[in-house]
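**Q** Below you will find the structure I want to go over with you.
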């Protein structure tokens, strides 16, 4: 019965994709590109939430700080951001480690509201520091490869943003391999599922948390370096992505990293579908919240039935 | 006892003399934003220049700046503080229309002379009403801007017969600024049927957007002669990068942000992009006042002014200083009368006088300029009297 239902859903989705492709292929193209960006920013936040169980409201600001660091390195050395991402990721990993040791660790047993206030405070601190150092004037590094395009008949579209799809897929696969094939990853998974049990069997929970926080910060740093190739940066550039990432994680379910990618695809295509109609171009934000409410409500109803 | 009374009298006299020592100019700007930051810096530059030359009426000017944080409530509280605590003689500054709307009730309550450098939305003018004779508005209203763009493109097509514009497409950010710009463009360009105006909204990178694929696709399908985007500086380069990827090359490619990102002119993508503004460093070549302002700013701050709010705020200080000198005091009625007679050769490349707008009595600048990025420089292409270059047309096809 379930197989039949899944098959029906699969066929319906396949038909929908084919119809969209035939009618307006760019909906699928831009939708997937947007999904790649959303997912690759949200996945590190999902990793922290799934294992350390803390909502990092400074997530977008970590990415903003990494983007500024990339900007400075590239301006000073003429280096491409894709080369700079290695030192940037290393710096953000150390930064994440210090932030965990100096602040997050002390709030792990505090009420959730205190944890939120702490990370919110970190977000404000980073934004204001960027404002003082760089002012609010936007900065952007411009590269020819960002405008790479493909022509299919009359249709010309940019292909550069597919980089973010590749990054998101690489993050999902890499993290899955890490969490299931390595000792440290398995320990992190155990700590995420049951920290007390993990401690009883001899896993150093604090060290694991510190490692996961640093790893996620490194991934955010990597995204910060890639982000500046696509977007302008300014002190508040990261904050909208914090909210979007959190909502995507809520849609996918905490700890479900491949689910973040799936939610992002759903969101990206839905947004671009609405943007294709003259009358619904401004509705992209509405579809975002409608999707979140629908998914969470649906999950809650299914849970009650179960 | 007698000695104590004499001492107290001396202290009181000294305090009064000290109070009379400076002419206090209160100001509010959003200091975290480049417009407010550089606006306040330029105003301080003007104050320092005037004080160095001996001040006004033998007194030094003192500029008291409060950061409005781009918030209407903070900005309203700033007016209260400037008037009641700092006892300023008059007020200058401002940038955002929404913030200015929040300040209007406090301004009306005290009736101090205000020389505003911001607020383009005519909703602010409606809130002020016709009785606000103490309000002097330097920045053009939205309908002034729209009318001057229309006039500008009409005149450019007459002077340069190869420039042909019939269809205009405006990509506008979803907020009040973008929507207002689109509404004004439709009213001023399409009302008489001379132009066909179409448009579509996009979410600005400044608000967490930054994906322009769908709006550029709509623009490409419309095949416009003039494509314009009304957004923020964060959109400037990404929208060009995506337009290049989509091989979208309209006859004219333009933008209307309040400022440009750092180093925009050094990007090859900026070449021949047209835009609207009030000032550019190239005006130094045709205006000695602009050169004086520019050289002074660079010498003082080791930084190039990047927004027209800098020369506009600089002008505000010189205009009030000149009016105080002619009025002979800071008395409100005398000051209003003196300001009404203003004739100031500004760094914007034009003489500022105050004439009636639709509602208020004292409107300073009424026109904007049409500029074009050429070889990394912002060149004025209209009005012709302050033009620094001819327009490059058409916008070259992407390679």
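What follows is calculated from the coordinates using simple rules that are stated; it is not laboratory data. Source: prediction; values computed, not measured. All Cβ positions, even for glycine, are placed from backbone atoms using ideal geometry, and neighbour counts span all protein chains on display.
**Q** When the helix-only estimate is applied to chain B (DSSP H runs of n ≥ 4, each -39,500 (n - 2.57), divided by the residue count), what is the mean residue ellipticity at 222 nm, nearest 500 deg cm²/dmol?
**A** Values: 12 runs with 161 residues, N = 399.
Calculated at 222 nm, the ellipticity per residue is -13000 deg cm²/dmol.
**Q** Given Cα pairs under 8 Å that are at least 6 residues apart, what percent is the relative contact order of the stretch A:181-278?
**A** Details: 31 pairs, mean separation 12.0, N = 98.
Reported as a whole number, the value is 12 percent.
**Q** Further question: For chain B, set up a Gaussian network in which alpha carbons nearer than 10 Å are linked by springs, and say which option among B:183, B:233, B:48 fluctuates the most.
**A** Answer for the Gaussian network model of chain B: B:183.
**Q** Now a separate question. What is the mean number of Cβ atoms from other protein chains located within 10 Å of the Cβ atom of each residue in peptide B:215-223, rounded to a whole number? Intermediate values should be presented prior to the final figure.
**A** Numbers: counts 2, 3, 9, 4, 0, 1, 0, 0, 0.
Per-residue shielding by partner chains comes out at 2.
**Q** Taking the beta-carbon count within 10 Å as an exposure proxy, list A:61, B:304 from fewest neighbours to most.
**A** Details: A:61 28, B:304 11.
In increasing order of surrounding Cβ atoms, one gets B:304, A:61.
**Q** Neighbouring Cβ atoms within 10 Å as the yardstick, rank B:342, B:355 fewest first. Write down the numbers at each step before the final one.
**A** On the way: B:342 20, B:355 10.
So the ranking, lowest neighbour count to highest, is B:355, B:342.
**Q** What is the distance in Å between the Cα centres of the stretch B:359-384 and the stretch A:105-125?
**A** So the separation of the two Cα centres works out to 49 Å.
**Q** Residue B:358 to residue B:166: FRET efficiency via 1/(1 + (r/R0)^6), r the Cβ-Cβ distance, R0 35 Å, to the nearest 0.05?
**A** Working: r = 29 Å, r/R0 = 0.83.
Plugging the Cβ-Cβ distance into 1/(1 + (r/R0)^6) gives 0.75.
**Q** Could you work out the mean count of beta carbons from other protein chains within 10 Å of each residue's beta carbon in B:233-244?
**A** 6
**Q** Just want to confirm a number: the relative contact order over the stretch A:93-161, from Cα pairs under 8 angstrom separated by 6+ residues, in percent.
**A** Details: 26 pairs, mean separation 10.3, N = 69.
Across the stretch A:93-161, relative contact order equals 15 percent.
**Q** What is the helix-to-structure angle for B:288-301, meaning the angle in degrees between its Cα long axis and the longest Cα principal axis of chain B, kept from 0 to 90 and rounded to the nearest 10?
**A** 80 degrees
**Q** Within 10 Å of each Cβ of A:18-26, how many other protein chain Cβ atoms are there on average?
**A** Details: counts 0, 0, 0, 0, 0, 0, 2, 0, 5.
For this peptide, the per-residue mean of nearby foreign Cβ atoms is 1.
**Q** Another question, if that's okay. Relative to the longest principal Cα axis of chain B, at what angle does helix B:2-19 sit, 0 to 90 degrees, rounded to 10?
**A** 20 degrees
**Q** How tilted is helix B:176-185 with respect to the longest principal axis of chain B? Cα atoms for both, answer in degrees (0 to 90, nearest 10).
**A** Between helix and principal axis, roughly 60 degrees.
**Q** Summing -39500 (n - 2.57) over the DSSP H runs of n ≥ 4 in chain A and dividing by its residue number, what mean residue ellipticity at 222 nm do you reach, to the nearest 500 deg cm²/dmol? Write out the running numbers ahead of the final one.
**A** Values: 12 runs with 228 residues, N = 306.
Theoretical 222 nm ellipticity from helices: -25500 deg cm²/dmol.
**Q** How much of the DSSP bridge set in the protein assembly as shown is antiparallel, in percent, rounded to the nearest 5? All intermediate terms of the calculation are to be shown ahead of the outcome.
**A** Values: 18 of 55 bridges.
Of those bridges, close to 35 percent are antiparallel.
**Q** Grab the alpha carbons of chain B, take their convex hull, and tell me the volume per residue in Å³.
**A** 142 Å³
**Q** Suppose the chain between residue A:286 and residue A:183 were pulled fully straight at 0.36 nm per residue; how much longer would it get relative to their current alpha carbon spacing? All intermediate terms of the calculation are to be shown ahead of the outcome.
**A** Details: separation 103, 0.36 × 103 = 37.08 nm, distance 4.27 nm.
Answer, rounded to one decimal: 32.8 nm.
**Q** Then there is this: Would you kindly calculate the translational diffusion coefficient of the stretch A:71-199, applying Stokes-Einstein with the Kirkwood radius from alpha carbon pairs, for 37 °C and a viscosity of 0.692 mPa s, and quote it in µm² s⁻¹ without decimals?
**A** On the way: Rh = 19.1 Å.
So the translational diffusion coefficient is about 172 µm²/s.
**Q** Next question. How would the stretch A:161-306 be classified by its alpha-carbon gyration tensor: rounded, prolate or oblate, with rounded meaning a/c under 1.5 and the a/b versus b/c comparison settling the rest? Walk me through the numbers on the way to the answer.
**A** Working: a/c = 2.40, a/b = 1.44, b/c = 1.67.
Here the stretch A:161-306 falls in the oblate category.
**Q** Using the eigenvalues of the Cα gyration tensor, what equivalent ellipsoid semi-axes result for the stretch B:321-399 when each is taken as the square root of five times the eigenvalue, whole Å, largest first? Provide the component values of the computation, followed by the final result.
**A** Values: eigenvalues 295, 36, 16 Å².
Ellipsoid semi-axes (Å, largest first): 38, 13, 9.
**Q** How large is the Kirkwood hydrodynamic radius of the protein assembly as shown, counting all unique pairs of alpha carbons, in Å? Let's see the in-between values first.
**A** Working: mean 1/r = 0.0358 Å⁻¹.
When all Cα pairs of the protein assembly as shown are included, the Kirkwood radius is 27.9 Å.
**Q** Per 10 Å bin from zero, what fraction in whole % of the C-alpha pairs of the stretch B:314-359 is there, up to the bin with the longest pair?
**A** 29, 51, 20, 0
**Q** Also, quick follow-up: Rounded to the nearest 0.05, what FRET efficiency do residue B:302 and residue B:268 give with R0 = 30 Å and r taken as the Cβ-Cβ distance? Could you check?
**A** Working from the Cβ atoms, E equals 0.65.
**Q** Return a whole-number percent for the relative contact order of the stretch A:25-305, with Cα pairs under 8 Å and 6 or more residues apart as the contact set.
**A** Taking the mean separation of contacting Cα pairs over the length of the stretch A:25-305, I get 40 percent.
**Q** I want to verify a result. In a Gaussian network model of chain B, Cα cutoff 10 Å, which of these has the top mean-square fluctuation: B:75, B:171, B:299?
**A** Evaluated over chain B, the most mobile residue of the options is B:299.
**Q** Moving to a separate point now. D for chain A, whole µm²/s, Stokes-Einstein with Kirkwood Rh over alpha-carbon pairs at 4 °C and 1.567 mPa s: what number? Let's see the in-between values first.
**A** On the way: Rh = 20.6 Å.
So the translational diffusion coefficient is about 63 µm²/s.
**Q** With the crude spin-label approximation of a point 7 Å out along Cα→Cβ, what separation in nm comes out for residue A:108 versus residue A:151?
**A** Rounded to a tenth, the inter-label distance reads 5.8 nm.
**Q** So if I take the centroid of the Cα atoms in the stretch B:192-212 and the same for the stretch A:23-75, what is the distance between those two points in Å?
**A** Taking the Cα centre of each part, the stretch B:192-212 and the stretch A:23-75 sit 25 Å apart.
**Q** Give me A:179, B:252 sorted ascending by neighbouring Cβ count inside 10 Å, so fewest comes first. If you can, show how the numbers build up before the last one.
**A** Working: A:179 20, B:252 25.
With the fewest neighbours first, A:179, B:252 line up as A:179, B:252.
**Q** Working only with C-alpha atoms, what are the Rg and Dmax values of the stretch B:38-86, expressed in angstrom?
**A** My reading of the Cα-based Rg and Dmax gives 13.2, 37 Å.
**Q** Shifting gears a bit: Find the centroid of the Cα atoms in the stretch A:236-306 and in the stretch A:156-188, then give the distance between the two in whole Å.
**A** Cα centroid to Cα centroid, the span is 20 Å.
**Q** I want to check the label-to-label distance for residue B:340 and residue A:128. Put each point 7 Å from Cα in the C-beta direction and report it in nm to one decimal.
**A** 4.6 nm
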